[in-house]
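Taking it in order: structure first as structure tokens, then the write-up.
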């Protein structure tokens, strides 16, 4: 198994991405990648226990405070996907954030946790991928789950599987 470390920026947030290559057992890779990243994160990483059929982990990574950063939070990001048009992105940060929606949104109560959701889209002038963004705070951790290429039922199931 070969590990490649690289720095990428996603929505303005830098992540150290660990891409695991050359392994055919994706679930085994996911467990190893999450376990490796967990060592460097000061909070328990919550991963979805439900994912839409056919997708698996792509990268996992962290970005922590540097000498130039004012806040002392750590951001952890994981992406699950099976194509460039269908994927689930999970971001967790050890800070409570007051999220201000930019579009009409829906609020859900899942096991006593207030989850806000709004429609989002990414892409270019020729190709748009629609999705849903879910955000919530729990136990001092801010969660954002972006679900692209799947319907609201699938998105809700992913989020519900993370809030127990």
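The values are calculated or read from the model by the stated rules, or taken from the named source; none is laboratory data. Everything quoted here is computed from the prediction, not taken from an experiment. Every residue, glycine among them, receives a Cβ derived from its backbone with ideal geometry; neighbour counts consider all protein chains shown.
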Test: residue 95 is within 22 Å of residue 75 (Cα to Cα), part of a strand (DSSP E or B) and either at pLDDT 90 or above or touching a strand residue (DSSP E or B) at 6+ places or on another chain (Cβ under 8 Å) (or both):
no
Whether any residue in region 27-40 is at pLDDT 90 or above, exposed (fewer than 15 other Cβ atoms within 10 Å of the Cβ) and more than 22 Å from residue 148 (Cβ to Cβ) is what I want to check.
no
Only one of 121, 125 is free of Cβ contacts under 8 Å to residues at least 24 places away in the same chain and assigned to a strand (DSSP E or B); which?
121
